[in-house]
Amino acid sequence: MSNDVIDLRFFVAVTESGSLAEAARRMDVTPSAVSQRLRQLETRLNLHLIHRSTRRFSLTEEGNLFYARAVELLAELDDLIDSLRMRSGEVAGTLHVRGSLGFGRHYLAPAIADFHTLHPKLMVSLTLSDVVSMADANRFDMIVHIGKLTDSSMVAYPIAPNARFVCASPDYLASHPAPHQPQELAAHHCIVLRENEEDVTLWRFRKNRKEVSIRVPAILSSNDGDVVRQWALRGKGLIMRSEWDVAECLATGRLVRVLQDWQLPNADIVALVAQRRGMSGRVKLFLSFLQARFKPAPPWRL
């Protein structure tokens with residue numbers, strides 16, 4: 001049975017890597033070794049699982065069925081093992097987590113360190129990236145995501161509320177009077193963050209029942225939130241950023257909120273889990289840990 005489980009994990013890993021070369025890189029073996037093992041698996045099963053090409057591959061109909069069932073079986077097996085271990089108070093295995101760069105560095109990484117202190121037999125792999133891929137749903141046990149959920153195959157569990165603010169440095173506002181209406185943003189220098197394929201120069205506001213969408217002039221843009229915040233601190237213009245990212249700067253006066261009467265769409269922080277994978281015991285435990293850590297109020301609101 002152990003060899004069967006190893007084969008299932010191997011096939012799932014290869015499928016979710018997207019290419020033989022990427023699978024080989026993740027497994028630290030040669031592409032030819034991956035290809036040979038795939039052929040051995042197909043021979044043993046007497047099934048054709050993969051259409052191969054030079055750079056990529058695709059699953060046959062049988063391969064798709066085999067992959068889907070393998071994911072389900074491995075999830076059930078992992079959940080069973082987790083449940084048995086947790087009966088004795090032991091949390092073990094591996095937890096694969098993905099998060100965004102900024103929030104991951106400042107809040108998620110310390111949370112994982114504290115969680116690991118409570119459960120030292122657990123292995124945790126944290127990947128940080130601001131590039132969201134739907135393939136991540138199958139690569140990770142949990143994705144800690146900020147903002148709108150675009151993939152309906154994922155189930156979202158709330159972790160923390162997160163508002164968005166428009167703000168600028170006192171130096172910038174000294175030479176550019178603060179706007180009082182969203183329409184006044186057209187006369188300002190604006191800095192935008194490129195992320196999640198959003199229309200980043202279209203800022204949406206709401207006040208009571210009134211909604212306004214403004215196309216802002218982006219004099220500077222970056223795909224890095226830290227860069228955007230640093231530009232604002234240097235007086236280069238207005239930014240729209242998450243509360244968690246600018247709360248400290250607002251508290252110390254290095255940044256100042258504008259348009260406080262207008263509300264921007266929230267970018268709440270959620271844990272995403274693939275529907276078909278479900279949650280193992282260790283994932284459920286980590287989710288509960290995160291939710292407790294950020295309640296009743298997240299640390300940036302204290």
Checked against (1) in a loop (DSSP other than H, G, I, E, B); (2) of a type in the set (A, V, I, L, M); (3) without any contact (Cβ under 8 Å) to a residue 60 or more places away in the chain, ALA267 satisfies every condition except (3)
Based on what the data block shows, is LEU193 assigned by TED's automatic domain parsing to the domain that holds ALA247, at pLDDT below 95, closer than 22 Å to CYS249 by Cα and among the hydrophobic types (A, V, I, L, M, F, W, C)?
yes
Take ILE81 and decide whether it is assigned to a helix (DSSP H, G or I) and modelled with pLDDT of 85 or more.
no
So which residues in the stretch 150-182 are hydrophobic (A, V, I, L, M, F, W, C), outside any loop (DSSP other than H, G, I, E, B) and surrounded by 14 or more Cβ atoms within 10 Å (Cβ to Cβ)?
MET154, VAL155, ALA156, ILE159, ALA160, PHE165, VAL166, CYS167, ALA168, LEU173
Count - residues of the stretch 201-239 that are surrounded by 17 or more Cβ atoms within 10 Å (Cβ to Cβ) and within 22 Å of LEU128 (Cα to Cα):
3
Within the stretch 44-51, can one find any residue that is over 29 Å from the mean Cα position of the chain (by Cα) and either assigned by TED's automatic domain parsing to the domain that holds ALA274 or assigned to a helix (DSSP H, G or I) (or both)?
yes
Check off (1) closer than 26 Å to THR127 by Cα; (2) loosely packed, with under 12 Cβ neighbours inside 10 Å for THR43 and give me the number that stays unchecked.
(1)
Those residues of the stretch 280-302 which are within 21 Å of LEU126 (Cα to Cα), hydrophobic (A, V, I, L, M, F, W, C) and in a helix (DSSP H, G or I) amount to VAL283, LEU285, PHE286, LEU287, PHE289, LEU290, ALA292
Is it the case that ALA156 is modelled with pLDDT of 85 or more and either over 20 Å from ALA75 (Cβ atoms) or not aliphatic (A, V, I, L, M) (or both)?
no
Considering GLU61, GLU76, which residue is among the charged types (D, E, K, R), closer than 25 Å to ALA23 by Cα and modelled with pLDDT of 80 or more?
GLU61
Name the residues in the stretch 48-57 that are of a type outside the set (Lys, Arg) and either under 15 Å from ASP4 (Cα atoms) or at pLDDT below 85 (or both), would you?
HIS51, SER53, THR54, PHE57
Candidates LEU272, LEU287 - the one that is in contact with a Leu (Cβ under 8 Å, 6 or more places away or on another chain), assigned by TED's automatic domain parsing to the domain that holds HIS116 and closer than 21 Å to HIS106 by Cβ
LEU272
I need the full set of residues from the stretch 197-237 which are of a type in the set (D, E, K, R) and not in a strand (DSSP E or B), in order please.
GLU197, GLU198, ASP199, ARG209, ASP224, ASP226, ARG229, ARG234, LYS236
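The values are calculated or read from the model by the stated rules, or taken from the named source; none is laboratory data. Keep in mind that this is a model prediction, so the values were computed, not measured. For neighbour counting, all protein chains shown are included, and Cβ atoms are generated from backbone atoms with ideal geometry for every residue, glycine included.
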